[in-house]
Amino acid sequence: NAGVTQTPKFQVLKTGQSMTLQCAQDMNHEYMSWYRQDPGMGLRLIHYSVGAGITDQGEVPNGYNVSRSTTEDFPLRLLSAAPSQTSVYFCASSYEGKVGTQYFGPGTRLLVL
Amino acid sequence: AQSVTQPDIHITVSEGASLELRCNYSYGATPYLFWYVQSPGQGLQLLLKYFSGDTLVQGIKGFEAEFKRSQSSFNLRKPSVHWSDAAEYFCAGGWLSKLTFGKGTLLTVNP
């Protein structure tokens, strides 16, 4: 098992550009989440999904879109990047069998100029 | 609103000394509680978790945590700190796909 994978590892964008952060898991987990990490702020939940076709907003959803067409993939879209979206993004997955335990990906470091 | 608070932003201890990192939670019901560790430039590693039952939880790397419902706390402890324990520690609470994280405690270990 590769676990939770994220691509790219690092990305530089200009203000206004769009991009998609990819997240995939091969553990057949129902639940997936996106977090952003900023210095002194811990991790904050952006969006989450409880299964294919079902997504919901977290604490800081503005400026981000998600969809979940398959169990394995949960991409995060930035439609028009802003400098405030400079952050490290973590994807995580979990399932009922290990209630609450989230498995985190290695992160994507995003710089918006 | 649900919240997790780590009162200490930065703690410095000497190698071999004991360690306690504080975590308080505010939820309508007792959430599942976790401690994660993050080394510089790395991802998150789960140290331990509490769901129910025994209030003293053992984790990896010699860490343990005690859940105290009366104090809404879930403090992390280690009897003897090693230099390799220097990292940032995050307490988190929640369920399944929705975790609320504290802002983290940076641990420095002096030789």
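The values are calculated or read from the model by the stated rules, or taken from the named source; none is laboratory data. Note that the structure is predicted; figures quoted are calculated from it, not measured. Don't worry about glycine lacking a Cβ; one is built from the backbone with ideal geometry, like all the others, and counts go over all protein chains shown. We work out accessible area using only protein heavy atoms, side chains counted, and drop any ligands, DNA or RNA first. Shrake-Rupley method; radii C 1.70, N 1.55, O 1.52, S 1.80 Å.
If a residue has to be within 14 Å of B:F101 (Cα to Cα), open to solvent by 30 Å² or more (accessible area, probe 1.4 Å) and hydrophobic (A, V, I, L, M, F, W, C) to count, how many in segment B:7-48 make the cut?
So the answer is 2.
For segment B:60-111, which fully contained strands (runs of 3 or more DSSP E) count at least 1 residues that are more than 17 Å from A:G42 (Cα to Cα) and free of Cβ contacts under 8 Å to residues at least 40 places away in the same chain? Even if it seems obvious, please write down each step before you answer.
Numbers: elements: B:64-68, B:73-78, B:87-95, B:98-101, B:105-110.
Ranges flagged: B:64-68.
So A:L111 clears everything in (1) in contact (Cβ under 8 Å) with a residue 60 or more places away in the chain; (2) away from chain B (no Cβ under 14 Å); (3) assigned to a loop (DSSP other than H, G, I, E, B) except one condition, right? Which one?
(3)
This table checks each residue for (1) closer than 20 Å to B:F101 by Cβ; (2) aromatic (F, W, Y).
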site: A:T5; (1), (2): no, no
site: A:L21; (1), (2): yes, no
site: A:S33; (1), (2): yes, no
site: A:R36; (1), (2): yes, no
site: A:G51; (1), (2): no, no
site: A:Q57; (1), (2): yes, no
site: A:T70; (1), (2): no, no
site: A:F90; (1), (2): yes, yes
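Of the residues B:Y27, B:Y32, which is at pLDDT below 95 and over 14 Å from the mean Cα position of the chain (by Cα)?
Selected residue: B:Y27, the only one of B:Y27, B:Y32 that is at pLDDT below 95 and over 14 Å from the mean Cα position of the chain (by Cα).
Output the number of the condition that A:L43 fails; it satisfies all remaining conditions of (1) away from chain B (no Cβ under 14 Å); (2) crowded, with 21+ Cβ neighbours inside 10 Å.
Going through the list (1) away from chain B (no Cβ under 14 Å); (2) crowded, with 21+ Cβ neighbours inside 10 Å, A:L43 breaks only (1).
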